[in-house]
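Visitor: Supplied in structure tokens, the structure appears directly below.
Rule-based calculations on the coordinates, nothing more; no lab input. Please read all numbers here as calculations on a predicted model, not as lab measurements. In this analysis, Cβ positions are derived from the backbone assuming ideal geometry, glycine residues included, and neighbour counts consider all displayed protein chains.
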Amino acid sequence: MSTRPPFVSLLESFFRHRMVRQRNATAATIASYRDSLRMLVLFAADRARCEPCDLILDHLDRNTILAFLDHLEVTRGNKIQTRNARLAAVRSFFRHAAASDPESLGIVHQILAIPIKKTHTEVTRHLTRKELDALIAAPDQRTARGRRDRTLLLFLGRTGARVSEALAVNVDDLRLDRSKPQVLLHGKGRRERVVPIAADLADTLRTMIVEHGLEPGTPIFQGAHGERMTRFGATHVVRRAVAAAAPAQPGLAGKVVSPHVFRHTLAMTLLQSGVDLLTIQAWLGHSQVATTHRYAAADVEMMRRGLDRAAISGKQPARFKAKDRVLQLLESI
């Protein structure tokens, strides 16, 4: 009689013990892994022609995982980044399975050998100063919704916060004293950071808190019914602003503007102002400075100024002529 743990037991222990107790994973990470494994379970059950509760670990072999990854890209139209994120969740589960079920080591080794797919690195997109100012000024200040929208756009543009970080801010995360206003941002992986707040943003936040009578513990950015604004809601705010500002700034029509573009824009502004990469890394909450370095790689004007400072004229130097007979022979080959 087999003593191997049932597949459902492996799933339960993975989420309840490994993810929660051992890794102390965030709710967002757990939700992402749950969705990934749910899609895999449904795919594998359909492939094996059985119910999900009848699956065993052997059903999830290398060929099944590869077929699932192809299904994500071809059938569901997922990008390579999403495909790789799903694979990361699958790998994490199989590492747990290997520790709980030594007999599965063969399958686990095959799954862990599946490589992460290389992606095309796109140029970092950002807004010009005029485009950013036009977007911030676009909402109608005569309405409560317009004033809220402007505050959100200003917050994204001045703090460089991820949209999830901006929407998670509560009243008591703000310090709006006149001398050193700042905000506590709750970043990825339970990493918190404090960033300074510009004077115009601090004034706008003070006004909004008073106007809406916001109490400590309540979200700064709220929906129509007082609930915390969602990511979809924030994206809709940006789209409305782009539509309103596009006639005055035609360049916006050719750009894909999302809440994250405001983050890129602040990073480029800081870099062009002479702020060092380590400070920008801390400001944006990047875990590695290599992530921040892409902004330097994207700044063509800084490269152009470097070319000018290096006094590179583009003239071809005279060809080297060897005098030694041996060197002459080698040059002639």
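Visitor: Along the charge dipole of the chain, pointing to its positive end and built from +1/-1 on Cβ of Lys, Arg, Asp and Glu, which listed residue (Pro216, Gly226, Leu278) has its Cα farthest out?
Guide: Checking the options against the dipole of the chain, the answer is Leu278.
Visitor: Let's see if you can work this out: charge +1 on each Lys and Arg Cβ, -1 on each Asp and Glu Cβ, no other charges. What is the dipole magnitude of segment 1-142 about its Cα centre, in debye to the nearest 20?
Guide: With Lys and Arg at +1 and Asp and Glu at -1, about 460 debye.
Visitor: While we're on this one: Build a GNM of the chain with springs between Cα atoms under 10 Å: which of His225, His260, His59 gets the top mean-square fluctuation?
Guide: Sorting by GNM fluctuation, first place goes to His225.
Visitor: Highest first, please rank the peptides 285-293, 149-157 by the mean number of other Cβ atoms sitting within 10 Å of their residues.
Guide: Output ranking for 285-293, 149-157: 149-157, 285-293.
Visitor: Tabulate in residue order the Karplus-calculated ³J(HN,Hα) for segment 159-172, using 6.51 cos²θ - 1.76 cosθ + 1.60 with θ = phi - 60°, rounded to whole Hz; enter x for Gly and Pro.
Guide: Here the 3J(HN,Hα) series is 9, x, 6, 5, 4, 5, 5, 5, 6, 7, 5, 9, 4, 7 Hz.
Visitor: Over the chain, with a Gaussian network built from C-alpha contacts below 10 Å, which listed residue (Phe43, Phe232, Phe15) shows the highest mean-square fluctuation?
Guide: Of Phe43, Phe232, Phe15, the most mobile in the Gaussian network model is Phe232.
Visitor: Please find the FRET efficiency linking Asp54 to Gln141, where r is the Cβ-Cβ separation and R0 is fixed at 45 Å, and quote it to the nearest 0.05.
Guide: 0.15
Visitor: How much length, in nm to one decimal, is gained on full extension between Arg190 and Gln22, taken as 0.36 nm per residue of separation minus their Cα-Cα distance?
Guide: Contour length minus Cα-Cα distance gives 59.0 nm.
Visitor: Now for a different question. Using Cα-Cα distances under 8 Å and only pairs 6 or more residues apart, what relative contact order does segment 7-112 have, in percent?
Guide: Relative contact order of segment 7-112: 31 percent.
Visitor: Another question, if that's okay. Taking the dipole about the Cα centre of the chain, with the C-beta of Lys and Arg at +1 and of Asp and Glu at -1, give me whichever of Cys50, Thr3, Leu184 is farthest to the positive side.
Guide: So the residue furthest toward the plus end is Leu184.
Visitor: Something else about it: Convert each backbone phi in segment 269-279 into a coupling constant with the Karplus relation 6.51 cos²θ - 1.76 cosθ + 1.60 (shift: θ = phi - 60°), then list the ³J(HN,Hα) values in order as whole Hz, x for Gly and Pro.
Guide: 5, 4, 4, 5, 8, x, 6, 6, 5, 5, 5
Visitor: Still on this structure, I have one more. Using alpha carbon centroids, what distance separates segment 230-292 and segment 78-136, in Å?
Guide: Rounded to whole Å, the Cα centres lie 23 Å apart.
Visitor: So what's the back-of-envelope 222 nm ellipticity for the chain, counting only DSSP H runs of four-plus at -39500 (n - 2.57) apiece and dividing by all residues, rounded to 500?
Guide: -17000 deg cm²/dmol
Visitor: Report the relative contact order of segment 121-250, percent, no decimals, based on alpha-carbon pairs under 8 angstrom and at least 6 residues apart.
Guide: Relative contact order for segment 121-250 comes out at 29 percent.
Visitor: What are the aspartates and glutamates whose alpha-carbon lies under 15 Å from the alpha-carbon of Lys117, with same-chain residues fewer than 8 places away excluded?
Guide: Here the aspartates and glutamates satisfying the reach criterion relative to Lys117 are Asp70, Glu73.
Visitor: Using alpha carbons only, what's the Rg to Rh ratio of segment 1-122 with Rh from Kirkwood?
Guide: 0.96
Visitor: Ok, one more. Taking the chain as a Gaussian network, Cα atoms linked when under 10 Å apart, which of Val74, Val237, Val261 shows the biggest mean-square fluctuation?
Guide: Val74
Visitor: Considering the options Ala98, Ile30, Leu69, tell which one lies farthest towards the positive end of the dipole of segment 7-112, charges being +1 on Lys and Arg and -1 on Asp and Glu at the Cβ, about the Cα centre.
Guide: Value computed over the given set: Ile30.
Visitor: Still on this structure: Return a whole-number percent for the relative contact order of the chain, with Cα pairs under 8 Å and 6 or more residues apart as the contact set.
Guide: About 15 percent, as a whole number.
Visitor: If I model a spin label as a point 7 Å beyond the Cα along the Cα-Cβ vector, how far apart are those points for Thr207 and Ile333 in nm?
Guide: The two pseudo-label positions are separated by 7.7 nm.
Visitor: Taking the Cα centre of the chain as the origin, how large is its charge dipole in debye, to the nearest 20, when only Lys and Arg (+1) and Asp and Glu (-1) carry charge on their Cβ atoms?
Guide: 840
Visitor: Going by the alpha-carbon gyration tensor, a ≥ b ≥ c the square roots of its eigenvalues, is segment 86-150 rounded (a/c under 1.5) or, if a/c is not under 1.5, prolate (a/b greater than b/c) versus oblate?
Guide: Judged from the Cα gyration tensor, segment 86-150 comes out oblate (a/c at least 1.5, b/c at or above a/b).
Visitor: Let me ask something additional. How far is it, in nm, from the label point at Arg129 to the one at Thr235 when both lie 7 Å from their Cα along the line to the Cβ?
Guide: Between Arg129 and Thr235, the simple spin-label model gives 3.2 nm.
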